[in-house]
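Contents: one structure, followed by commentary.
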Amino acid sequence: MATNEGDRRSRAWFGRLDKNGFIHRSWMKNQGFPDHLFDGRPVIGIANTYSELTPCNAHFKELVEWVKRGVYEAGGFPLEFPVFSNGESNLRPTSMLYRNLAAMTVEEAIRGNPIDGVVLCTGCDKTTPALLMGAASCDLPSIVLSGGPMLSGNYKGKPIGSGTDVFKFAEAVKAGEMSLQDFMEAESCMSRSAGHCMTMGTASTMNALAEALGTSLPGSAAIPAADARRRQIAHLTGMRAVAIVREDLRLSKILTREAFQNAIRACGALGGSTNAVIHLLAIAGRVGVPLSLEDWDAWGRGVPTLVDLMPSGRFLAEDFYYAGGLPAVLRRLGEHELLVKDALTINGKTIWENVKDAPCWNEEVIRPWDRPLVVEGGLVVLRGNLAPNGAVLKPSAASPHLLRHRGRAVVFEDIDHYHARIADPALEVDETSVLVLKNCGPKGYPGMAEVGNMGLPPKLLRRGVKDMVRISDARMSGTAYGTVVLHVAPEAAAGGPLALVRDGDQVELDVPARRLELKVDEEELARRRAAWSPPPPAMASGYWKLYHDHVLQADRGCDFDFLSGCRGAAPPRDSH
Ligand code: FES
């Protein structure tokens, strides 16, 4: 058997003329792979998140065939493998509970198999960070391929957006403004093609940020899943995967602190999801890049939101792609010196080389610098005695009149307490109240569910109230909106001060000053703390217990304490 290309990692399996080499090749040949594919060409693993239970990624069943065409064309050997697929819409109690599990399956599948480089098939919210985290801990040459967003929703002649309009419709039904029949009819009108949510939710945000980090081909993130160019970019991604193995272009060369700076600024310009804070912190932790909440606040300052997409704005991902997509946004950042221009990207060029001539075809969708959607689009990091380790707020999704607000707390001890109480006509609440939800953080829910944008009391909705200050240790869907303080750290279940808030306490939010304060004196808080005890884990054994015992708090990205860092991908010992 000829060896055509030197000392690749996969040669530890396929390049040996002994018993183990026989075993590794022979069993593979049962799939019809001929002898010459084992000659030392780059073996490209395709980490597939396809699952019928992850509808946003279900089209990867076919899309990977175009990746394989590209790999073969470039002289590589593609081998597809499944990884844990965590879909946002079905997985309970929340797909975030399984992000780290998915990352573990990616990392171990890469390390344990004869793979030289990897294509990461991303899409639905948590699949993108999970695959990047797992791959970063191995640090092989790796390239991201997004599945792309769905086509725009359309209901009764009007565009409707994933998630965003579900929340609006659900509140309209509660307020008596929409019939149940119309509500049901809207289901098919919202999700009408393959792909992930087509608002600037977590999926569109994270796939755009994967591109801003430099890990996917320029211009690829926003191509709709149903567009033939999605298949073209899959083919080109497969070709590039082979090249990055030959160039030894590893993730650690791409995922630098400068790349994260670019991604954080891109998030502000996109009006991206608050979930990106947690995910980028976790990805940075895997490559050993120091990154903190302070970086989010500092780098986000002065970045206007330029992209007018729901939930902050009017348009949808399809419009974003036709307007020029992420390259047009990065060009605007670069022209205002808010881009680290020499950051290396996966095509071997700098980010500025990729985007400096990027056109913008629609200045309503991608606004000019002097006509932004939101003047200060960066995510805000709040601190104070209610959030000693930080909390985040998305100003572009908030109501300007509530950004400085003091109100009386209405407290829900957990999500069940919230559901039992929110519709009670006797609940003492008005539009100046501050809704406080506890025990929905990483340990408390468990998994830090997207319930932070808790629905308003129906009696206030019926009076036309559209927004109130809400505070929790939970996350919120990237498609949601409102004056919502999220990710309070430490969380209530870990003994954070949020656990001590009671009905009637005064709470003060001051976004310009970055403050979140509980106006209760220290002695009283000490009395309450002495009476507090932590809630037990939701399960006493199994994966949930592992999660409870090892998950880091939101300000550290909610990775497991034992998963941070890069462990490389030296071939493990023989199995035979
Ligand atoms: Fe998958 Fe929104 S449910 S991206």
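How charged is the neighbourhood of Thr202? Take every other residue with its Cβ under 13 Å from the Cβ of Thr202, and add Lys/Arg as +1 and Asp/Glu as -1. Please list the in-between numbers first.
On the way: positive: Arg99, Lys126, Lys394, Arg475; negative: Glu88, Asp125, Glu450.
Every neighbour counted, the sum reads +1.
How many angstrom separate the Cα center of region 534-576 from the Cα center of region 378-423?
Comparing the Cα centres of region 534-576 and region 378-423, I get a distance of 29 Å.
Within 10 Å of each candidate Cβ there may be at most 13 other Cβ atoms; applying that plus a DSSP loop requirement, which chymotrypsin sites (Phe, Trp or Tyr not before Pro) in region 506-576 survive?
Trp532, Phe562
Separation between the Arg421 and Phe183 pseudo-spin-labels, each 7 Å from Cα along Cα→Cβ, expressed in nm?
Taking the two extended label points, one gets 2.4 nm.
Could you give P(r) for region 267-403, binned at 5 Å from zero, as whole percent values over all Cα-Cα pairs?
Pair shares across the bins are 2, 10, 17, 20, 21, 16, 9, 4, 1, 0.
Could you compute the net charge surrounding Gly70? Neighbours are other residues with a C-beta less than 12 Å from the C-beta of Gly70; K and R count +1, D and E count -1. Walk me through the intermediate numbers first.
Numbers: positive: Lys68, Arg69, Arg231, Arg240; negative: Glu65, Glu73.
With Lys, Arg at +1 and Asp, Glu at -1, the neighbours total +2.
Using per-residue counts of other Cβ atoms within 10 Å, averaged over each peptide, order 361-372, 330-341 from highest down. It would help to have the intermediate numbers written out before the result.
On the way: 361-372: 15.6, 330-341: 19.1.
So the peptides 361-372, 330-341, ranked by packing, come out 330-341, 361-372.
Between region 445-474 and region 100-179, what is the C-alpha centre distance in whole Å?
Each part's Cα centre sits 24 Å from the other's.
For region 60-85 and region 16-52, what is the separation of their C-alpha centers, rounded to whole Å?
Each part reduced to its Cα centre gives a spacing of 13 Å.
State the percentage of accessible surface on the chain attributable to carbon and sulfur atoms; use a 1.4 Å probe and exclude ligands, DNA and RNA. Walk me through the numbers before you get to the answer.
On the way: 11130 of 21240 Å².
Of the solvent-accessible surface of the chain, carbon and sulfur hold 52 percent.
Which of Val43, Leu97, Leu53 sits farthest toward the positive end of the charge dipole of the chain, with +1 on the Cβ of Lys and Arg and -1 on the Cβ of Asp and Glu?
The residue sitting most towards the positive pole is Val43.
Using a Förster distance of 45 Å, how high is the FRET efficiency between Lys61 and Asp430, based on the Cβ-Cβ distance and rounded to 0.05?
Details: r = 51 Å, r/R0 = 1.14.
Once the sixth-power term is evaluated, E becomes 0.30.
Let's test the formula: R0 of 51 Å, r as the Cβ-Cβ distance of Glu73 and Arg502. What FRET efficiency results, to the nearest 0.05?
Numbers: r = 65 Å, r/R0 = 1.27.
Using R0 = 51 Å, I get an efficiency of 0.20.
Could you sort 383-394, 412-423 so that the peptide with the highest average Cβ count within 10 Å comes first and the rest follow in order?
Numbers: 383-394: 22.7, 412-423: 15.9.
Ranking the peptides 383-394, 412-423 by packing returns 383-394, 412-423.
Take every Cα-Cα pair in region 1-145 and report what % of them are more than 27 Å apart. Don't skip to the answer; put the middle values down first.
Details: 2545 of 10440 pairs.
Value for region 1-145 (Cα pairs over 27 Å): 24 percent.
Using only helices, what value at 222 nm comes out for the chain when you add -39,500 (n - 2.57) per DSSP H run of length 4 or more and divide by the total residues, to the nearest 500 deg cm²/dmol? Could you put the intermediate results ahead of the total?
Details: 20 runs with 201 residues, N = 576.
Taken over the chain, the calculation gives -10500 deg cm²/dmol.
If I stretch the segment between Lys519 and Phe22 completely, what's the gain in nm (0.36 nm per residue apart, minus their alpha carbon distance), one decimal?
Numbers: separation 497, 0.36 × 497 = 178.92 nm, distance 7.12 nm.
Contour length minus Cα-Cα distance gives 171.8 nm.
Give the residue list of GluC sites (Glu not before Pro) in region 1-79 that are DSSP loop and have at most 11 other beta-carbon atoms within 10 angstrom. Mind showing how you got there, number by number?
Details: sites: Glu5, Glu52, Glu62, Glu65, Glu73; in loops: Glu5, Glu52.
For GluC sites (Glu not before Pro) across region 1-79 that sit outside H, G, I, E and B with at most 11 neighbouring Cβ atoms in 10 Å, the list reads Glu52.
Enumerate the calculated ³J(HN,Hα) couplings along region 126-140 in order (Karplus 6.51 cos²θ - 1.76 cosθ + 1.60, θ = phi - 60°), each rounded to whole Hz, writing x wherever the residue is Gly or Pro.
3J(HN,Hα) across region 126-140, in whole Hz: 7, 5, 5, x, 4, 6, 5, 4, x, 5, 5, 6, 9, 6, 8.
Which trypsin sites (Lys or Arg not before Pro) in region 427-533 pass both tests, a DSSP loop state and at most 14 other beta-carbon atoms within 10 Å? Can you show the working numbers first?
Working: sites: Lys438, Lys443, Lys459, Arg462, Arg463, Lys466, Arg470, Arg475, Arg502, Arg514, Arg515, Lys519, Arg527, Arg528, Arg529; in loops: Lys438, Lys443, Arg462, Arg463, Lys466, Arg475, Arg502, Arg514, Lys519.
Passing sites in region 427-533 are Arg462, Arg463, Lys466, Arg502, Lys519.
Output the pairs from Lys438/Lys545; Lys68/Lys341; Lys29/Lys253 with a Cα-Cα distance over 27 Å in this structure; if there are none, say none.
Values: Lys438/Lys545 20 Å; Lys68/Lys341 32 Å; Lys29/Lys253 35 Å.
Correct reply: Lys68/Lys341; Lys29/Lys253.
Could you give me the ³J(HN,Hα) list for region 372-384, computed from phi with Karplus coefficients 6.51, -1.76, 1.60 and θ = phi - 60°, whole Hz, x at Gly and Pro?
So the Karplus estimates, Gly and Pro as x, are x, 6, 9, 5, 10, x, x, 5, 9, 9, 9, 9, x Hz.
Accessible area per residue of the chain at 1.4 Å probe, in Å²?
Here the per-residue accessible area is 37 Å².
What dipole magnitude, in Debye to the nearest 20, does the chain give about its Cα centre under +1 on Lys/Arg Cβ and -1 on Asp/Glu Cβ? Each step should come with its number before you reach the end.
Numbers: 64 positive and 67 negative charges, 144 e Å.
Dipole size: approximately 700 debye.
Taking the Cα-to-Cβ direction at Ser541 and at Arg371 and moving 7 Å from each Cα, how far apart do the two end points lie in nm?
Simple spin-label model gives 6.4 nm for this pair.
Which value results for Rg/Rh of the chain when Rg is the Cα radius of gyration and Rh the Kirkwood radius based on the inverse mean 1/r? Before the final figure, lay out the partial values.
Details: Rg = 24.0 Å, Rh = 24.3 Å.
Radius of gyration over Kirkwood radius for the chain works out to 0.99.
Using only Cα atoms, find the angle between the long axis of helix 99-112 and the longest principal axis of the chain, and express it within 0 to 90 degrees, rounded to the nearest 10.
10
Can you give the extra length, in nm with one decimal, that the chain gains between Ala175 and Lys158 once fully stretched, where that is 0.36 nm per residue apart less the Cα-Cα distance? If you can, show how the numbers build up before the last one.
Details: separation 17, 0.36 × 17 = 6.12 nm, distance 2.09 nm.
Extra length available between Ala175 and Lys158 comes to 4.0 nm.
Could you work out how far apart the two model spin labels at Thr350 and Arg462 are, taking each label as a point 7 Å from the Cα in the direction of the beta carbon, and quote it in nm?
For Thr350 paired with Arg462, the spin-label model returns 6.2 nm.
Report the FRET efficiency, 1/(1 + (r/R0)^6), for Lys341 and Glu108, where r is their Cβ-Cβ distance and R0 is 30 Å, rounded to 0.05.
Details: r = 37 Å, r/R0 = 1.22.
FRET efficiency, Lys341 to Glu108: 0.25.
Farthest toward the dipole's positive end in the chain, which of Leu309, Thr237, Ile115, given Cβ charges of +1 (Lys, Arg) and -1 (Asp, Glu) about the Cα centre?
Result: Ile115, furthest along the dipole toward the positive end.
The values are calculated or read from the model by the stated rules, or taken from the named source; none is laboratory data. Because the structure is predicted, anything quoted here is derived from the model rather than measured. For neighbour counting, all protein chains shown are included, and Cβ atoms are generated from backbone atoms with ideal geometry for every residue, glycine included. In case anyone asks, the SASA skips ligands and DNA or RNA and just uses the protein heavy atoms, side chains included. Shrake-Rupley method; radii C 1.70, N 1.55, O 1.52, S 1.80 Å.
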